[in-house]
1. When you scan the stretch A:45-63, do you find a residue that is more than 24 Å from the chain's Cα centre (by Cα) and either crowded, with 22+ Cβ neighbours inside 10 Å or farther than 30 Å from B:K57 by Cβ (or both), even just one?
2. Pull out all pairs, ordered by first then second residue, where Cβ-Cβ is under 6 Å, the residues are six or more apart or on different chains, the first lies in the stretch A:60-81 and is assigned by TED's automatic domain parsing to the domain that holds A:D45, and the second is in a loop (DSSP other than H, G, I, E, B) and of a type in the set (A, V, I, L, M).
3. If B:P142 satisfies every condition in (1) more than 20 Å from the chain's Cα centre (by Cα); (2) surrounded by fewer than 24 Cβ atoms within 10 Å (Cβ to Cβ) but one, which is the exception?
4. Tally the residues that are more than 21 Å from A:R356 (Cα to Cα) and hydrophobic (A, V, I, L, M, F, W, C), restricting the search to the stretch A:293-309.
5. Determine if the stretch A:160-179 includes at least one residue that is within 15 Å of A:K306 (Cα to Cα) and surrounded by fewer than 16 Cβ atoms within 10 Å (Cβ to Cβ).
6. When the residues of the stretch A:65-82 are filtered to those that are of a type outside the set (D, E, K, R) and closer than 21 Å to A:A19 by Cβ, which remaining residue is nearest to the chain's Cα centre (by Cα)?
7. So is A:G129 within 12 Å of another protein chain (Cβ to nearest Cβ), surrounded by 24 or more Cβ atoms within 10 Å (Cβ to Cβ), more than 27 Å from A:E27 (Cα to Cα) and under 20 Å from the mean Cα position of the chain (by Cα) or not?
8. Can you say whether A:E80 is part of a strand (DSSP E or B) and facing chain B (nearest Cβ under 8 Å), as far as the supplied structure shows?
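The values are calculated or read from the model by the stated rules, or taken from the named source; none is laboratory data. On a predicted model such as this, the values are computed, not experimentally measured, just so you know. In this analysis, Cβ positions are derived from the backbone assuming ideal geometry, glycine residues included, and neighbour counts consider all displayed protein chains.
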There are 2 protein chains.
Amino acid sequence: MKVGVVGIGHGKFGRRSDATVQELACEPFRDALMDAGGISRNDIDFLSVGSSPEYHKQRSLPGVIAEYLGMNPQSTWLTEAACASGSAAIRTAYMAIKSGMHEIVAVIGVQKMTELTTPEILALMGRVGDVQWESIFGTTFPGYYAMYATRHMYEFGTTKEQMAMVAVKNHHYGALNPQAMFQKEVTIERCLSSEKVAYPLNVFDCCANADGAACIIMANEKKAKKLNDTPIWIDGVGSASAQMSVLRRPHFIGIPSTVEASKQAYKQAGIKPEDVQVAEVHDCFTIAELMAYEDLGFCKKGEGGKFIENKQSYIGGKTPVNVDGGLKAKGHPVGATGVSMTAEIVKQLRGQAGKRQVNAEIGLTHNVGGIGQYCFVHIYRR
Amino acid sequence: MKVGVVGIGHGKFGRRSDATVQELACEPFRDALMDAGGISRNDIDFLSVGSSPEYHKQRSLPGVIAEYLGMNPQSTWLTEAACASGSAAIRTAYMAIKSGMHEIVAVIGVQKMTELTTPEILALMGRVGDVQWESIFGTTFPGYYAMYATRHMYEFGTTKEQMAMVAVKNHHYGALNPQAMFQKEVTIERCLSSEKVAYPLNVFDCCANADGAACIIMANEKKAKKLNDTPIWIDGVGSASAQMSVLRRPHFIGIPSTVEASKQAYKQAGIKPEDVQVAEVHDCFTIAELMAYEDLGFCKKGEGGKFIENKQSYIGGKTPVNVDGGLKAKGHPVGATGVSMTAEIVKQLRGQAGKRQVNAEIGLTHNVGGIGQYCFVHIYRR
């Protein structure tokens, strides 16, 4: 039995002091219901919420969201996998449908982060790393990815300019995306001269914390065909873990869980990396996007720098990547990101992406949790 | 395709300053592997972790647990539904197997709470209630359940003595459970004269925060039969939600999500409430156990007080309840509780419960999240 996406919704990402968490969740939910042929909230029998709870004063988010959306007494709970919480919630929904236990499921990814101060956020994020052996010594997320970047530079000659090119591309496309946090183009010079964060990463190598929410409605094959003329099928789902403590990882030139999760997803979908025509990858830092090209098999290990230099990840290139702006320009409201990625791929495969349209029948999402302790890769097909 | 439980493990609940969260998780995991015919951790293809994350300094618990147990690169993530996180993780595992995506799944429920101070815990717990309209005015969990208790007393003449009888029963059985936090009998007089918390609840009407972990290994029908002579089958799973804000609830004499979730579970299992021969119910407060008797259909609405007075929930009574001590005497390490309940029911149905043994073929677990914004009911059969 196939599982399809029949509705999508995407709120504005950014500083959203105008909305509570439940209000953020409501915006894309309402749009997704309309998009799914105007079904009712009563047609949905499971609400799968993806979020990283520690950022919010309100605990038990699915409880408050379900009430606000008028979804009681439907089943709901929270799925969490750090920055990949949204994709984990999609995987949970996929299993719920595939098992025959649910027919129509709403997945909401939501996060509100900008009410916290930068030191609060840094401390919270650090604690997604190993508390016993790492964060206690002051490790931060930019610090972790900086280690990966320096090693990648050392091993393969990757340059700061190539990393900046990722930012340039993603801001280029973000400028075309009305839901993105940043809708301005940037130049390589601007990136390279931006404030240093952790060598070799500058501010423009890092994505921004944001508030935001996205929603998709998923259904079993029968319902999907009834609800939508163009259901987008989920053809492959991969999920893997890697060592929490990065010092126990085998190397610093890629994310092992990405390799494993993508292998599973490609196998289930019966495709090869080169069959992917549009991809959303986890560019929390520019180096992360370069490593993703390699770990997902879009190019060989070590050639990520050249891939962007040759514009292979632009529209018209070999594999267009993050043509909605990515985490970099859209902003990264942790729990919302995986669902946002899927909403974009569905839009692309339906041919509704306007100025950012790629001609594609097969799309991929790649969502990393923490520093790769989780990875979820999904393959979508028109 | 049926889903069975083939291995169980249960650590000591209580003040566990001797162990980190990952060490707590390891104890029952190791025992569950041995119990499941000595399978290897490599036989497990998904690690479903149930926990309520805000209590821990270490975020991203499944990441640190998977590494510590040597489970990389297997799939893992966190499932959360407040005090019902363990049961939500079991439901996730059930779907994972039922969907055909995984064959053998380990579910670990784990929580470490005693490192926090009482004011910290009270504030954290309050935030599981509605932050916008309730906890901001100082609502606490004992306060919520005190409202239910007074209304139940008013409507049905339920007495403080009847509530104390729940504590007496559960401490009676807890005294026979070496894994329980409290292993001492108590008297009605002792309960009634214990310190007041929120009228009409005294200290002995409330369960205790604890550290602890439990683990079950679940498998599909084929694998289950191979791994275990007496797999315990999961015949029904129910899941429902109720209003987050209790002031929007229809009444204060029961938990609507319990009624809905149990209805689903009974229907799937093809049984009636009177067919349940042993049950684990969510006795976070003594009034909660009385309401559970009624909401689960063990007796009529309003007759919960008489049910305990007539010892119908003792071994030898109509429906023995919480004969392992319940949350009341075992302690309530939030995320571990649902998995602990299942471990006990499996033990009972296998006939391995020693002095606490009930003669039973059908068992039930009832796990409430928050003040009933979530409820999960599972039916198990030998």
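1. yes
2. A:S60/B:A82; A:S60/B:V128; A:G63/B:M244; A:V64/B:M244; A:E67/B:M244; A:N72/B:A242
3. Going through (1) more than 20 Å from the chain's Cα centre (by Cα); (2) surrounded by fewer than 24 Cβ atoms within 10 Å (Cβ to Cβ) one by one, B:P142 breaks only (1).
4. Here is the first cut: in the stretch A:293-309, the ones more than 21 Å from A:R356 (Cα to Cα) are A:294-297, A:299-306.
So of that shortlist, the ones also hydrophobic (A, V, I, L, M, F, W, C) come out as A:296, A:299.
Of the residues in the stretch A:293-309, 2 are more than 21 Å from A:R356 (Cα to Cα) and hydrophobic (A, V, I, L, M, F, W, C).
5. Yes, there is a match, as at least one residue in the stretch A:160-179 is within 15 Å of A:K306 (Cα to Cα) and surrounded by fewer than 16 Cβ atoms within 10 Å (Cβ to Cβ).
6. Here is the first cut: in the stretch A:65-82, the ones of a type outside the set (D, E, K, R) are A:65-66, A:68-79, A:81-82.
Filter once more, so that each one left must be closer than 21 Å to A:A19 by Cβ: A:65-66, A:68-71, A:76, A:78.
Working: A:I65: 21, A:A66: 23, A:Y68: 25, A:L69: 24, A:G70: 27, A:M71: 26, A:T76: 22, A:L78: 17 Å.
It comes out as A:L78.
7. Yes, satisfied.
8. So A:E80 passes the test.
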